[in-house]
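Everything below concerns the one structure shown next.
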Amino acid sequence: MTGQPDFQLIKIRKSLMDLLKSFFYEEPDANRLGLWRGVVYSLSKESVSPEMDAAIKELSECLSERGLKELQEEYYELFVNPFSKHSLKTTLSFYMDGHNFGSTLVAIREFLKNVGIQRRKGVSETEDSLPVMLDIYQQLVAAEEKQGGQEAVERQAEFLKKFLMPLGKAIEKGLEANGKAHFYRACCHFLNACLLMESSLTFEPAVL
């Protein structure tokens, strides 16, 4: 990615980050479910890459087979119920350091300080949680739109390689054997397909 930013492509990339954030940030509701079905249907009409096409197909099947109550129950078991045997951790420190609030969180905060990005006000989750990291990456993409230049792309690549892609892979691994995860396993496959595409756009090795 050199020269002038591709503003249409950046718009699409930011929209994909919005979609990904909507999966993990809050419990599903009727409006969000309708949005997901409409967006995924539109995405299914285009062929992007083998990984993206397979992930979109899986996501589409989940959304057509499962109703809102089922998605809400799955969300509760994975992200809310403190007594669930199927709870899913979404912070990078948990996977990298073995506990929350580890040195990985410190490293992410140092990165954010260096690039001039702050966690949005009103957000309670830490900077190494998946929804917040997706928002951070979206801001890095937006910076390319505003500023252009290779430096903006390099910052995206660094954040992907060091933080976001490792978290995506760790969560996917945790979901593979999770008997309660159906829709969110499909969401994670889609997440990692998107990150694989992002890696190719930032000259990072396209390996998951």
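Rolled with a 1.4 Å probe across the full set of protein chains, the surface gives L160 an accessible area near 0 Å².
Given the peptides 175-185, 46-56, 131-141, arrange them by the average over their residues of other C-beta atoms within 10 Å, most packed first.
Descending packing order for the listed peptides: 131-141, 175-185, 46-56.
Packing, as the average of other Cβ atoms within 10 Å across residues, places the peptides 121-128, 194-201 in the order 194-201, 121-128, highest first.
The simple spin-label model puts a point 7 Å past each Cα toward its Cβ; for S200 and S42 those points are separated by 2.1 nm.
Surface analysis of the chain yields an accessible area of 52 Å² per residue, using protein heavy atoms and a 1.4 Å probe. Sorted from longest to shortest, the spans of the Cα atoms of the range 107-179 along the three principal axes equal 45, 28, 21 Å. Shape analysis of the range 64-107 yields a ratio of the Cα radius of gyration to the Kirkwood radius, Rg/Rh, of 1.17.
When peptides 57-64, 99-106 are ranked by their average number of other Cβ atoms within 10 Å per residue, the highest-first order is 57-64, 99-106. Cα-Cα over 29 Å: which of K89/K162; K45/K113; K69/K161? Going by Cα-Cα distance, K45/K113; K69/K161 fall outside the 29 Å limit. Listed values for the range 190-202 are Karplus-derived 3J(HN,Hα) couplings in whole Hz (6.51 cos²θ - 1.76 cosθ + 1.60, θ = phi - 60°), namely 5, 3, 6, 5, 5, 5, 4, 5, 4, 4, 5, 7, 10, and x replaces Gly and Pro. Karplus-based coupling profile of the range 144-159, in residue order and whole Hz: 5, 5, 7, 9, x, x, 5, 4, 4, 5, 5, 5, 4, 4, 5, 5, with θ = phi - 60° in 6.51 cos²θ - 1.76 cosθ + 1.60 and x standing for Gly or Pro. The modelled label-to-label distance for the pair S84/E158, using points 7 Å beyond Cα in the direction of Cβ, is 3.5 nm. Evaluating kT/(6 pi eta Rh) at 10 °C and 1.306 mPa s, with the Kirkwood radius of the chain over Cα pairs in the Stokes-Einstein relation, gives 90 µm² s⁻¹. For the range 105-208, averaging the sequence separation of C-alpha pairs within contact (under 8 Å, six or more residues apart) and dividing by the residue count gives a relative contact order of 21 percent.
Add -39500 (n - 2.57) for each DSSP H run of 4 or more in the chain, then divide by its residues: what number comes out at 222 nm, to the nearest 500 deg cm²/dmol? So the helix-based figure for the chain works out to -21000 deg cm²/dmol. Taking a ≥ b ≥ c as the square roots of the eigenvalues of the alpha-carbon gyration tensor, the range 1-65 is classed oblate because a/c is 1.5 or more while a/b is no larger than b/c.
The values are calculated or read from the model by the stated rules, or taken from the named source; none is laboratory data. It should be emphasised that the depicted structure is a prediction, and the values quoted were computed from it without experimental measurement. A quick note on method: Cβ atoms are made from the backbone with ideal geometry, for glycine too, and the neighbour counts reach across all protein chains shown. For the accessible areas, the whole protein counts, side chains as well, though only heavy atoms, and no ligand, DNA or RNA atoms are used. Shrake-Rupley method; radii C 1.70, N 1.55, O 1.52, S 1.80 Å.
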